[in-house]
Ligand SMILES: [Zn+2]
Ligand SMILES: [Zn+2]
């Protein structure tokens, strides 16, 4: 029988920069990296600092075939790329996707630009894996493997960003981070995109009371996440892209507040596993 399992694993949930501190042990300190496993296929969404632990996990499990999807390439989403050990293994096959560019930049140019002296000594030329760099433009639909459909949408973020909706075996998980909403204006395209999803991993960098101060920074609020879940009939909200200054107490408070308005909401923590 075909493997129908669908697993979501959070390897890093912070936004902007890692925040290691004794007060951040529960929700973790690493930046954005999410693994989704559909029928045994490994798909990675962003490689922030959380990808370092993910990398060790892939090596320990002997995973030599995966797809990596970038939402965009701000530091907190790409800083783990040079530390993804399987990319230095000649037995690995990987596809790396990017679709957020607003000019003719390619995914390969993005990797070359990020891993370049004098900022970093190792360039992508040192990757021994068989890597295919894939460029796309939202709303293109991606089909990385039989039975896996990934829809894409452009998000409102400086330098562009892509949201993903992964559909497999009748379940769907949306990864929508680094996106600023416009208060009071319904985003019909996004609501349609999220319609009926089982899980929404959403940019909840700010609270509504902080939001006014950070207009134009390209981020959203957990309150907007709750609103979107209501409008689109999403079953579960995963609060993601935590503001670096938030400690465990702050995040627990947010989890309580979000649960009061949308029961079942979860604050993403490093190591959290979910089945849609
Ligand atoms: Zn970010
Ligand atoms: Zn960003």
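Taking the Cα atoms of region 142-276, report the difference between the largest and smallest coordinate on each principal axis, in whole Å and largest first.
If we take the Cα atoms of region 142-276, the spans are 43, 30, 25 Å.
Go ahead and run the numbers for FRET between residue 128 and residue 105, Cβ-Cβ distance against an R0 of 35 Å, rounding to 0.05.
Efficiency, from the Cβ-Cβ distance: 0.90.
When the Kirkwood radius is taken over all Cα pairs of the chain, what Stokes-Einstein diffusion coefficient follows at 20 °C and 1.002 mPa s, in µm²/s? Working shown, then result.
Details: Rh = 18.7 Å.
Rounded to a whole number, D works out at 115 µm²/s.
Take the alpha carbon atoms of region 1-29, find their center, do the same for region 34-78, and report the distance between the two centers in whole angstrom.
Spelled out, the Cα-based centre of one part sits 11 Å from the other.
Can you compute the modelled spin-label distance between residue 141 and residue 210, with each label point 7 Å from Cα toward Cβ, in nm?
Label-label distance for residue 141 and residue 210, simple model: 3.7 nm.
By DSSP, what percent of the beta bridges with both residues in region 1-141 are antiparallel, rounded to the nearest 5? Before the final figure, lay out the partial values.
Values: 11 of 27 bridges.
Restricted to region 1-141, the bridges split so that about 40 percent are antiparallel.
Over the Cα atoms of region 202-265, how large are the radius of gyration and the largest Cα-Cα distance (Dmax), in Å?
Answer for region 202-265, Rg first and Dmax second: 11.2, 31 Å.
Once the principal axes of the Cα atoms of region 128-186 are found, what is the range along each, listed largest first in whole angstroms?
Computed over the Cα atoms, the extents are 44, 32, 17 Å.
Rank 116, 98, 13 by mean-square fluctuation in a GNM of the chain with C-alpha springs under 10 angstrom and give only the top-ranked residue.
So, out of 116, 98, 13, the one fluctuating most is 116.
State the antiparallel share, in %, of DSSP beta bridges confined to the chain, rounding to the nearest 5.
Details: 28 of 57 bridges.
Here the antiparallel bridges make up roughly 50 percent for the chain.
Work out Dmax and Rg for region 186-226 from the C-alpha atoms and quote the Rg first, both in angstrom.
Looking at region 186-226, its Cα Rg and Dmax stand at 11.2, 32 Å.
Order by neighbour count: 90, 41, fewest other Cβ atoms within 10 Å first, most last.
Values: 90 9, 41 17.
In order of increasing Cβ crowding within 10 Å: 90, 41.
Starting from the alpha-carbon convex hull of region 35-123, give the projected area averaged over all orientations, in nm².
Details: hull surface 23.7 nm².
Mean orientational projected area (region 35-123, Cα hull): 5.9 nm².
Could I get the Rg over Rh figure for region 59-191? Both from C-alpha atoms, Rh via Kirkwood, rounded to two places.
On the way: Rg = 16.0 Å, Rh = 16.1 Å.
My calculation of the ratio gives 0.99.
Determine, for 221, 207, the number of other Cβ atoms within 10 Å of each Cβ, and report the residues in order from fewest to most.
207, 221
For region 146-218, report the translational diffusion coefficient in µm²/s to the nearest whole number, using Stokes-Einstein at 20 °C, 1.002 mPa s, and a Kirkwood Rh over Cα pairs.
Numbers: Rh = 13.3 Å.
The calculation lands on 162 µm²/s.
Please work out the C-alpha center-to-center distance from region 237-258 to region 109-131 and express it in whole Å.
That distance is 34 Å.
Which part of region 195-212 falls in the paramagnetic zone of residue 156, meaning amide N under 17 Å from the point 7 Å along Cα-to-beta-carbon?
Only 202-212 fall inside the zone, counting backbone N under 17 Å.
Assuming 0.36 nm per residue, please report the length gained on full extension of the stretch residue 252 to residue 192 beyond their Cα-Cα distance. Can you show the working numbers first?
On the way: separation 60, 0.36 × 60 = 21.60 nm, distance 3.02 nm.
Gain on extension, residue 252 to residue 192, equals 18.6 nm.
If I model region 1-47 as equal point scatterers sitting on the Cα atoms and use the Debye formula, what is log10 I(q)/I(0) at q = 0.22, 0.26 Å⁻¹?
-0.74, -0.87
Arrange the following residues from fewest to most other Cβ atoms within 10 Å of their Cβ: 59, 52.
Values: 59 14, 52 21.
Going from least to most buried by this count: 59, 52.
Using a Förster distance of 45 angstrom, determine the FRET efficiency expected from the C-beta separation of residue 259 and residue 89, and round it to 0.05.
Plugging the Cβ-Cβ distance into 1/(1 + (r/R0)^6) gives 0.60.
Since every read-out is calculated from the coordinates, none of them should be taken as a lab result. Just so you know, these numbers come straight off a predicted model, no measurement behind them. Neighbour counts run over all protein chains shown; Cβ positions are idealised from the backbone, glycine included.
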